[in-house]
């Protein structure tokens, strides 16, 4: 250990998942790269788990709204241990367990970040949970506590309910006293959703979503949390009651085309949800939001699921499973 308290590492090379050219996830490969050194105001984190998200596949394929020129290391959510501290950092120390959203670079054995980005992991979370709850839970909390105010007793319809985004929305809505109906495509995903707190589940592939949601919700739904889009968006919108709110969260099923007369009828409202962009523009407000989520986890009101753990070498397969909607729950890579 050095005089500054840094943990000294003997290896100068580390393994990273590298996107050498934009394309399908099978093009991703493991490359040994020099281990990064933290600069002023930065820390280096030895990654213990990296969350795999749908957007990682879009970025690697060049299908995301922002094009990243290769080569680059995908992965934005990480959890691990600080093992080196740059000059000027006095609020983080070597040996701390932290999680962070880093934008890129997460699918590696180590990553350097601004010290302010590293958030201590509460004792209630292990590395895998800490690497996989951040985006999903902050998106749900932002949706229900900032973009709208979800009321106790309201009915919420969650599409894509068996994935990480959907499971977090179910957990957050349930913690706020709402009733949740899950829409998911497989029995495994519907079971996961009900274990997370959904009171009922609809087979989005084989059932009439609008009719079933209205039956279960006593005539209509108050809020739709739509992370799928595609062909599910219109029946979900039609399930809303008067003054219902439709939250646009994502488009894993494609960007839908919806007749706007369905919004005019019954005074429905459409609300866009883009937590990541908001967080970058409002860092202080976002930190307060993250603290609120962590407080709820520490109090036992929220319960992030234990994700599937896969080795770094399976990054391409993990992303493919998300893009093709085979995965249930969350996935993390363990270097």
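No value in this document is a laboratory result; all are computed from the given coordinates. As the structure is a prediction and not an experimental result, all values here were calculated from the model. Glycine also receives a Cβ, built like all others from the backbone with ideal geometry; neighbour counts cover every protein chain displayed.
Some observations on this one:
- In the chain, inverting the average of 1/r over every pair of distinct C-alpha atoms gives 20.5 Å as the Kirkwood radius.
- Relative contact order, whole percent, for segment 60-145 stands at 30, derived from Cα pairs under 8 Å and 6 or more residues apart.
- Note on the chain: GNM, Cα springs under 10 Å; of 235, 120, 283, the largest mean-square fluctuation is that of 283.
- Overall Cα dimensions of segment 110-163 - principal axes, largest extent first, Å: 42, 24, 21
- At R0 = 56 Å, FRET efficiency that the Cβ-Cβ distance of residue 264 and residue 68 yields, to 0.05: 0.90
- A Gaussian network model of the chain, with springs between Cα atoms under 10 Å, assigns the largest mean-square fluctuation among 41, 250, 218 to 218.
- Within the listed set 118, 140, 94, the residue fluctuating most in the Gaussian network model of the chain (springs between alpha-carbon atoms under 10 angstrom) is 94.
- If you take the Cα centroid of segment 272-335 and the Cα centroid of segment 223-238, the two points sit 22 Å apart.
- Sites residue 255 and residue 12, calculated FRET efficiency, Cβ-Cβ separation with R0 51 Å, nearest 0.05: 0.70
- log₁₀ of I(q)/I(0) at q = 0.10, 0.22 Å⁻¹ - segment 210-322, Debye sum with one point per alpha carbon: -0.47, -1.13
- Panel order for 282, 134, 179, 303, by other beta carbons found within 10 Å of each beta carbon, from fewest to most: 282, 303, 179, 134.
- Segment 178-223 shape via C-alpha gyration tensor axes, a/c threshold 1.5: oblate
- Reciprocal mean inverse distance between Cα atoms of segment 135-276 - Kirkwood radius, Å: 14.3 Å
- Sorted by Cβ density within 10 Å, fewest first, the residues 19, 138: 138, 19
- On the basis of the beta-carbon distance and an R0 of 35 Å, residue 231 and residue 32 show a calculated FRET efficiency of 0.20.
- Sorted fewest first by neighbouring Cβ atoms within 10 angstrom, 12, 143, 115 come out as 12, 115, 143.
- Calculated mean residue ellipticity at 222 nm for the chain: -7500 deg cm²/dmol, from DSSP H runs with n ≥ 4 weighted as -39500 (n - 2.57), summed, divided by the residue count and rounded to 500.
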